[in-house]
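Worksheet: one structure, shown below.
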Amino acid sequence: MIEQLKRELEATFKGVSVTSEADRRITVVVDPLQTIALLRFFKDRGFSHLALLSAVDLIDKHAFELVYILTSYAEDTGEDAVPGELILVVKSMIPRDKPTFKSVINIYPNAEPYEREIHELFGIHFDGHRRLTPLFLERQYPIPPFRKDFDTRRYVEDVFGSIPAIGDEEG
Amino acid sequence: MDRNQIAKWFKEPSKMANKYSLHAIYFCTGCGIIEVPPVITARWDAERFGVIPVATPRQANLFLITGYVSVKTLKAIIRTYEQMYEPKYAVAFGSCPINGGMYWDSYNTIKHLDKYIPIDGWIAGCMPRPEAIFVAVTHLWTLIDKGMANGYERYKKYYRAYRRNQELALGKLEWPPLYPIGEHTEGGECD
């Protein structure tokens, strides 16, 4: 099953690397231009569920890595059945100085809150997302707080440390 | 009832009544709420100490903040505290409300809760055992006896400073001040 999928992928997409670290889990690394087509390919193969969309800040490589985890609800019943019980991890790197990517809402509608979250916490813009409004955070931050160059310790000292304690001299 | 306390009952009946019937509102902010169900149910039975959970802040006079306080929950904590009737006692449970605990360098967690609302008692630990709640309750009795559990009076007295700190942390607040900010009330008197 995995071998067949691997052959099919390498025939369809250029420069795709398919590895499998564990049973039932396949990691596909692809360049960002082909990611949307790859996700459509998997959706057509029965991977109908986007389990997670996340981002990793690879500051040493000057890139953000977007991670899509896809699964299928269909059961693995026969040889030509859709690949149930398989977990697909699709990774693609986008440049850190131009953090923009296409929204996958029209492929997986449940990506909407994930993309809002990543936009808020990593500052990655998703083209085609209609509602990139704040989701969790209450305060304004100098840079998005999940980026690796966000100095939490200094931020805490500057913001929460500067709030004075309530003393007897005040009133 | 302890016979030694009969004199106290005659002297300050309202204080004694408050002391032995603490109606607690549990603010389930973090992991500390795990300790609360065994406390209020048969295993440890908080009602032995006169502590009973209530549904809304308007019925409560003990505010138990269990766990870390994020910026967003601070807003709810302030509103809850301001809705409670006086006399009201706030107890912070766990090390996170004291100084941030394991979230001491988190970008989104309030570090010192007593900068925003007055706290009458602290229960240290991560997590404290349910017995610690009872130690805190009995300690709170002593504080109420001595008139030292006066967080609500401090809140009134220093309301301007509390409100300023709340606005520093949360930006502009959506609700009007609980007490008039313009004038300065003297010496913690309350009516």
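The values are calculated or read from the model by the stated rules, or taken from the named source; none is laboratory data. Keep in mind it's a predicted model, so treat the numbers as computed, not measured. Every residue, glycine among them, receives a Cβ derived from its backbone with ideal geometry; neighbour counts consider all protein chains shown. Heads up: the accessible areas ignore ligands, DNA and RNA and are worked out on the full protein's heavy atoms, side chains in. Shrake-Rupley method; radii C 1.70, N 1.55, O 1.52, S 1.80 Å.
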| request: Kindly list the number of the only condition in (1) away from chain A (no Cβ under 11 Å); (2) crowded, with 17+ Cβ neighbours inside 10 Å; (3) not aliphatic (A, V, I, L, M) that fails for B:Thr138. | output: (2)
| query | Out of A:Pro145, A:Pro109, which single residue is at the interface with chain B (Cβ under 10 Å from one of its Cβ atoms) and at pLDDT 90 or above? | reply | A:Pro145
| query | Within segment B:40-67, which residues are of a type in the set (S, T, N, Q) and in contact with a strand residue (DSSP E or B) (Cβ under 8 Å, 6 or more places away or on another chain)? | reply | B:Thr56, B:Gln59, B:Asn61, B:Thr66
| said: Looking at segment A:43-54, I want the residues that are at pLDDT 90 or above and have a partner that is of a type in the set (A, V, I, L, M) and open to solvent by 40 Å² or more (accessible area, probe 1.4 Å) with Cβ atoms under 6 Å, at least 6 apart or on another chain. Which pairs are those? | reply: A:Ala51/A:Ile69; A:Leu52/A:Ile69
| Quick one: which of B:Tyr103, B:Tyr89, B:Tyr81 is in contact with a Ser or Thr (Cβ under 9 Å, 6 or more places away or on another chain) and of a type in the set (Phe, Trp, Tyr)? | B:Tyr103
| note | Across segment B:111-121, the tally of residues that are more than 7 Å from chain A (Cβ to nearest Cβ), in a loop (DSSP other than H, G, I, E, B) and buried (at least 22 other Cβ atoms within 10 Å of the Cβ) stands at 4
| query | Which pairs do you get when a residue that is on the phi > 0 side of the Ramachandran plot, found in segment A:76-105, comes within reach of a residue that is of a type outside the set (Val, Ile, Thr) and modelled with pLDDT under 95, reach meaning Cβ atoms under 9 angstrom, with the pair 6+ apart or on two chains? | reply | A:Glu85/A:Arg24; A:Glu85/A:Ser72; A:Glu85/A:Glu75; A:Glu85/A:Asp76
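Within segment A:85-101, which residues are touching a strand residue (DSSP E or B) at 6+ places or on another chain (Cβ under 7 Å), among the charged types (D, E, K, R) and closer than 25 Å to A:Lys6 by Cβ?
Going through segment A:85-101, the residues touching a strand residue (DSSP E or B) at 6+ places or on another chain (Cβ under 7 Å) turn out to be A:86-96, A:99-101.
Okay, now just the ones that are also among the charged types (D, E, K, R), so A:91, A:96.
The answer is A:Lys91, and nothing else.
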| remark: Filtering segment A:9-45 for residues that are in a helix (DSSP H, G or I) and hydrophobic (A, V, I, L, M, F, W, C) leaves a count of 9
